[in-house]
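Novice: Please see the structure below; I have some questions.
What follows draws every value from the coordinates through simple rules; no lab data is involved. Computed from a prediction, not measured in an experiment: that's the story for all the values here. Positions of Cβ are backbone-derived with ideal geometry, glycine not excepted, and every protein chain shown enters the neighbour counts.
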Amino acid sequence: MAVKDYMTKEVVTITPNTGVAQAADIMRDQDIRRLPVMEEDRLVGLVTAGTMAEATPSKATSLSIYEMNYLLNKTKIKDIMLKKVITITPDASLEDAIYLMLEHKIGVLPVLDDNHLCGIITDRDVFKAFLHVSGYGTEGMRVVLEADNVVGILAKVAEAISKVNLNIGRIVADTRATGKTVVELQIDGNMDQALLTENLQATGVRVISVEATHLKANLD
């Protein structure tokens with residue numbers, strides 16, 4: 001899974017000379033929390049809802065509303081933006097993006113292709129990618145089973161499912177410290193759950209659950 005497949009491609013940007021008040025308006029109107037800062041088609045910084053909040057006078061300030069508005073209109077993004085920005089390339093793996101976010105405790109990575117900003121990937125994009133990969137929100141059946149981590153076991157499971165004319169749409173597997181592998185399958189189509197469980201158990205796996213899934217609203 002590559003970053004380019006899940007990143008947000010339509011990116012709203014600002015310049016270093018954009019006023020803080022104007023940037024706040026853009027965030028509110030566009031319902032976004034991060035704005036890359038561009039100068040002459042080059043990424044020079046990043047401003048987030050967090051940095052904006054730090055630049056805004058607190059409610060406990062002795063400044064009047066007129067003084068606060070003057071201060072916000074006078075302050076430029078270049079005065080508060082994050083100048084050391086962690087970035088990633090579009091061909092990097094989604095796992096690399098997640099690692100960088102965790103390592104640096106951040107929720108967004110501008111995506112640079114040959115130093116050109118071509119998108120951003122956020123923690124929200126990662127959440128949506130996980131739901132997509134897991135098959136969440138699609139219609140069919142979700143099967144969770146536990147199997148020995150041995151060669152050929154998944155082939156037997158796939159054969160058992162194809163024999164009843166069903167198709168595996170998604171598969172996620174995780175090998176535990178016990179040596180067992182927990183597998184979650186999203187199956188296109190429906191059939192009697194008890195019969196499917198019986199067919200799968202005949203392959204030597206332990207069926208943890210079988211449930212029908214239903215179409216969910218698009219998260220985009």
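Novice: On a 0 to 90 degree scale, rounded to 10, what angle separates helix 94-104 from the longest Cα axis of the chain?
Specialist: Relative to the chain, helix 94-104 is tipped by roughly 50 degrees.
Novice: Over all pairs of distinct alpha carbons, what does the Kirkwood formula give as the hydrodynamic radius of segment 100-220, in Å?
Specialist: Working: mean 1/r = 0.0606 Å⁻¹.
Taking the inverse mean of 1/r over all distinct Cα pairs, segment 100-220 comes out at 16.5 Å.
Novice: What's the long-distance tail for segment 3-130, i.e. % of Cα pairs beyond 21 Å?
Specialist: 42 percent
Novice: Average projected area of the Cα convex hull of the chain, in nm²? Intermediate results must be reported in sequence, preceding the final value.
Specialist: On the way: hull surface 66.1 nm².
Averaged projected hull area, Cα only: 16.5 nm².
Novice: Per DSSP H run of n ≥ 4, the term is -39500 (n - 2.57); total these for the chain, divide by its residue number, and report the mean residue ellipticity at 222 nm rounded to 500 deg cm²/dmol.
Specialist: After summing the helix terms and dividing by the residues of the chain, the value is -9500 deg cm²/dmol.
Novice: Still on this model: Taking only Cα atoms, what is the 0 to 90° angle, nearest 10, from helix 20-30's long axis to the longest principal axis of the chain?
Specialist: 30 degrees
Novice: With angles folded into 0 to 90 degrees, how steeply does helix 65-74 sit against the dominant principal axis of the chain? Use alpha carbons for both and round to 10.
Specialist: 80 degrees
Novice: Can you give me the three principal axis dimensions of segment 152-206 from its C-alpha atoms, in Å, biggest first?
Specialist: If we take the Cα atoms of segment 152-206, the spans are 33, 22, 19 Å.
Novice: Next up: For the pair D79/N149, report the inter-label distance in nm, with labels modelled 7 Å from Cα in the Cβ direction.
Specialist: So the label points at D79 and N149 sit 5.6 nm apart.
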